[in-house]
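Report on the structure given below.
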There are 2 protein chains.
Amino acid sequence: MPECASAGLSLSLVPINEPGRQRADAVRNRARVLDAAMRVAARDGAANLTMDAVAAEAKVGKGTVFRHFGDRTGLIGALLDQAEHELQEGFLNGPPPLGPGADPHQRLLAFGSAVLHHEQDHQDLYHAVVKDTHRRFTVPARQVRYTHVTMLVRQLDPTMDAELMAHTLLGFLDTALTNHLLRERGMKLDRLEAAWKDLVNRLCS
Amino acid sequence: MPECASAGLSLSLVPINEPGRQRADAVRNRARVLDAAMRVAARDGAANLTMDAVAAEAKVGKGTVFRHFGDRTGLIGALLDQAEHELQEGFLNGPPPLGPGADPHQRLLAFGSAVLHHEQDHQDLYHAVVKDTHRRFTVPARQVRYTHVTMLVRQLDPTMDAELMAHTLLGFLDTALTNHLLRERGMKLDRLEAAWKDLVNRLCS
């Protein structure tokens, strides 16, 4: 956000309160538009998330929506960031077995279930991203997941090639793949969860 | 190919020899252009494979190249089909341990090495496809690989979810992923092969 980039200079160059208030307004407006977008996506589905619909819901001009998010892809990316942030909180700082405190085997089992359920809960949003942007927006999210899984694999068994094993495990949880299996092939989430557990248990044995 | 679509009608509607000769000419011309394209790709790299260069190499008009392959993407797809066909011959009908005759564990080990080496040998071509068409052309190839790996997993251990395990294993060998690891991350092929063996051995234990 451009507001942050100027924060270091503001003290000496301009009156203290002005930029602070402007920044706070901008942050508040952005959050307000994002909340409106979440409501539109939940009510009408991500496929019907238009800049017009979001502007109407947030009771702001369409220009405000464009200014904060660039375009529809940027808006969906921001919604996904927010959703992904909740998931990350769970595996980075949440209670065990997903968060710190459980052994790596249990955490890995919980991680797969959490990702599968999370994407199911936000399937409309993840589906829109996979369709619209060829997974461009899932890349930073994937990096956080990758770092986490690599760490767990390393703790689990230092003889494994943790990086490549992490790619394999994340390949199973790949959004485009699970979308294909659940939506196009009609598999049940239970089946994917069971296969994840079997995979982790076999790798850990 | 349009030649094949009219084959059933040709006997009663037109003199017997004419369409046969036309079809044979068309097949021969197509093969000749494809051979030329292979030489251009091998000599100049797939990135420099243009319709003009292929027409010049095959000593035919540019229109002939377009008629047989539609566009550059179609031409690269045809080259990839040919390369993929060689690989398929190896795992479907070739000698063990890759082909029939070895036990499924050995065949699975050999399959990963074969795919990794094959794509390395044709890396320029696979790379062009991944970049140009977002993997559209690897989809039929993936289906054959998927059927094969599902069969091996089923033979190996009927208690595994063979379909999901096959997706996991193929995720490791995914062209976009191996391209990323080998080209952008600078990993060695040996390392990928070793991790494939470890993965298969753990899943089979």
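The values are calculated or read from the model by the stated rules, or taken from the named source; none is laboratory data. Just so we're clear, the structure is a prediction, and the values are computed from it rather than from any experiment. No Cβ is skipped: glycine too gets one built from the backbone with ideal geometry, and neighbour counts run over all protein chains shown. Areas reflect the complete protein model, heavy atoms only, side chains present, ligands, DNA and RNA absent. Shrake-Rupley method; radii C 1.70, N 1.55, O 1.52, S 1.80 Å.
Odds and ends about this structure:
- Filtered residues of region B:167-185 (kept if open to solvent by 50 Å² or more (accessible area, probe 1.4 Å) and assigned to a loop (DSSP other than H, G, I, E, B)): B:Arg185
- If only residues of region A:167-203 that are in contact with an Asp or Glu (Cβ under 7 Å, 6 or more places away or on another chain) and in contact (Cβ under 8 Å) with a residue 40 or more places away in the chain are counted, the one that is farthest from the other protein chains (Cβ to nearest Cβ) is A:Thr175.
- The residues in region A:50-72 that are among the hydrophobic types (A, V, I, L, M, F, W, C) and in contact with an Asp or Glu (Cβ under 9 Å, 6 or more places away or on another chain) can be counted, and the count is 4.
- Scanning region B:186-205 for residues that are open to solvent by 20 Å² or more (accessible area, probe 1.4 Å), part of a helix (DSSP H, G or I) and within 23 Å of A:Ser205 (Cα to Cα) yields B:Arg191, B:Glu193, B:Ala194, B:Lys197, B:Asp198, B:Asn201, B:Arg202, B:Cys204.
- Residues that are within 11 Å of chain A (Cβ to nearest Cβ), part of a helix (DSSP H, G or I) and open to solvent by less than 20 Å² (accessible area, probe 1.4 Å), drawn from region B:141-166: B:Ala162, B:Leu164, B:Met165, B:Ala166
- Residue count for region A:45-75, restricted to those that are among the hydroxyl-bearing types (Ser, Thr, Tyr) and within 22 Å of the chain's Cα centre (by Cα): 2
- Test: residue in region A:112-128 that is modelled with pLDDT under 90 and at the interface with chain B (Cβ under 9 Å from one of its Cβ atoms): no
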